[in-house]
Amino acid sequence: MVEMLLGEIGEPGPGPIFDLLMMVILSGRERSLNEYRALLERAGLRLEKNSPTSTALSVMEAVAA
């Protein structure tokens, strides 16, 4: 998956603004790495690797649990 990860509360970055936009426009939200990990586990997957990029996005790899 290629996603923008939310950091800790109060951490500077574009994540909180995009989170707000997703909630207002799409009824969605941005998530933290731990939230993605839990979401993947509920889907029967395991987060194998997270690779931050030079942008605000991260590349996450998941495998069958």
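The values are calculated or read from the model by the stated rules, or taken from the named source; none is laboratory data. What you see is a predicted model, and the numbers here were worked out from it, not measured in a lab. Cβ placement follows ideal geometry from the backbone for every residue including glycine, while neighbour counts extend to all protein chains displayed.
Can L5 be described as hydrophobic (A, V, I, L, M, F, W, C) and in a helix (DSSP H, G or I)? Break it down into steps so the answer makes sense when it comes.
Details: hydrophobic (A, V, I, L, M, F, W, C): yes; in a helix (DSSP H, G or I): no.
Taking the combined requirement at face value, the residue does not satisfy it.
To keep it simple, each residue is scored yes or no on (1) modelled with pLDDT of 90 or more; (2) exposed (fewer than 12 other Cβ atoms within 10 Å of the Cβ); (3) in contact with a Gly (Cβ under 8 Å, 6 or more places away or on another chain).
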{"residue": "M1", "(1), (2), (3)": "yes, no, no"}
{"residue": "E11", "(1), (2), (3)": "no, yes, no"}
{"residue": "M23", "(1), (2), (3)": "no, no, no"}
{"residue": "E30", "(1), (2), (3)": "yes, no, yes"}
{"residue": "L33", "(1), (2), (3)": "yes, no, no"}
{"residue": "R42", "(1), (2), (3)": "yes, yes, no"}
{"residue": "N50", "(1), (2), (3)": "yes, no, no"}
{"residue": "L57", "(1), (2), (3)": "yes, no, no"}
Checked the range 36-58 for anything touching a residue at least 12 places away in the same chain (Cβ under 8 Å) and either touching a Pro at 6+ places or on another chain (Cβ under 8 Å) or part of a helix (DSSP H, G or I) (or both); matches are Y36, L40, E41, A56, S58
